[in-house]
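Computed from the coordinates by the stated procedures, all read-outs in this text should not be read as laboratory data. Everything quoted here is computed from the prediction, not taken from an experiment. All Cβ positions, even for glycine, are placed from backbone atoms using ideal geometry, and neighbour counts span all protein chains on display.
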C-alpha cells in the first residue's frame, strides 16, 4: 500500500521534477514520462515510417535511448522536444535501412535471375545467412530467460505471436500502458543480453 501511494504521488509532480528524478535513475519517474509522451512519439514515428510495427519499434528504441542518455538532457528545451528529436533520428534510420534492404533485394533478385538464365539454381538464402538467422533466433529465445517473469510473457506474445499492444492487453488482462512499459523494460534487458554477446552494437 505504501509503495502504491508513493507511485501515485509521482503523478502530481511536474515534468521537470520527473526528469530530475529520472536523471537520478529513478525508474518510476521515467515510466511516468514514458506514459505521458508515448502517444506523441508514436504519432511522430508513424508520420515518418508509415508502418505501425516499425513505428512501435521506433518508439521503444526512442525511450530506450532516452533512458540510457538521460544525463545528456540539459533542459534547454522541453523533454518532449528532446524525445521527438530522438524519435525522428530513429525513424530516419528505419527509412535508410528500408531503402538499403530494397536495394539489396533488387540486386539479389537480379543476380538470381541472371544465374537462372545461365542454367544455375541457387537459393536466395545462403547457408551462412541461414545459420545466422537461426542463431539470432536462438539467442532471442535464450535472451527471454534473462527478462523478468513479469515482462517475459509480454515479450513472448510480441515476438512469437506478433500480437498488437491491444491484443496483448486483452490476453493478459492488463492496461495497454502497462504492456508498453513491460515491452520497454523487456527489450532493455534483452538488448543488454545481446550486446554482451556482440550481436548488436551498443546504442
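Each of 59, 179, 94 was scored by other Cβ atoms within 10 Å of its Cβ. Arranged with the fewest first, they read 94, 179, 59.
Sorting 44, 62 from the fewest to the most surrounding beta carbons within 10 angstrom yields 44, 62.
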